[in-house]
1. How about segment 38-64: which of its residues are in contact (Cβ under 8 Å) with a residue 24 or more places away in the chain and either basic (Lys, Arg) or open to solvent by less than 70 Å² (accessible area, probe 1.4 Å) (or both)?
2. Give the residue that is nearest to Tyr58 (Cα to Cα), with candidates limited to residues of segment 25-37 that are open to solvent by less than 50 Å² (accessible area, probe 1.4 Å), touching a helix residue (DSSP H, G or I) at 6+ places or on another chain (Cβ under 9 Å) and free of Cβ contacts under 8 Å to residues at least 40 places away in the same chain.
3. Going by the conditions given, is Glu22 open to solvent by 30 Å² or more (accessible area, probe 1.4 Å) and either charged (D, E, K, R) or closer than 21 Å to Arg76 by Cβ (or both)?
Amino acid sequence: MSQSEALVLMCIAYFQRITRGELSSFFGKEVSRDLIGVLRARDLIASEPPSPQPAAPYTYVTTKTFLSQFGLDTLRQLPDLEALEDAAVKGEAFGRKHHAGVFEECRWGRSHHR
């Protein structure tokens, strides 16, 4: 799994029922339909129908396959975002070095999302 796929999957897991536009806002750049397609093809995420409002976007959620592949029974078992940020600073998150800003953006999104 690429770094981009892992980060988008992480944000979907923590903020599910999230749109591609909201994901793009978190990262400050467009999250491509292709990237979403890869996660869907692996059955890690699923799309839910949009609201009945005109032009409403699809929302994305994680699947049972996601839970199974990451050894989780429920989403409540996901690590705390602060623990992930600490791991990123130490270069341990997802086995790659990440900048902590992504986690800060996700934390911002957590407090302002919906």
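1. Within segment 38-64, Val38, Leu39, Leu44, Ile45, Glu48, Thr59, Tyr60, Val61, Thr62 meet the criteria.
2. Looking at the filtered set, the residue picked out is Ile36.
3. Details: open to solvent by 30 Å² or more (accessible area, probe 1.4 Å): yes; either charged (D, E, K, R) or closer than 21 Å to Arg76 by Cβ (or both): yes.
Here the answer is yes, as Glu22 does meet what is asked.
The values are calculated or read from the model by the stated rules, or taken from the named source; none is laboratory data. Quantities reported herein were computed from a predicted structural model and do not represent experimental measurements. All Cβ positions, even for glycine, are placed from backbone atoms using ideal geometry, and neighbour counts span all protein chains on display. Accessible surface is based on the protein model in full, side chains and every heavy atom, while ligands, DNA and RNA are left aside. Shrake-Rupley method; radii C 1.70, N 1.55, O 1.52, S 1.80 Å.
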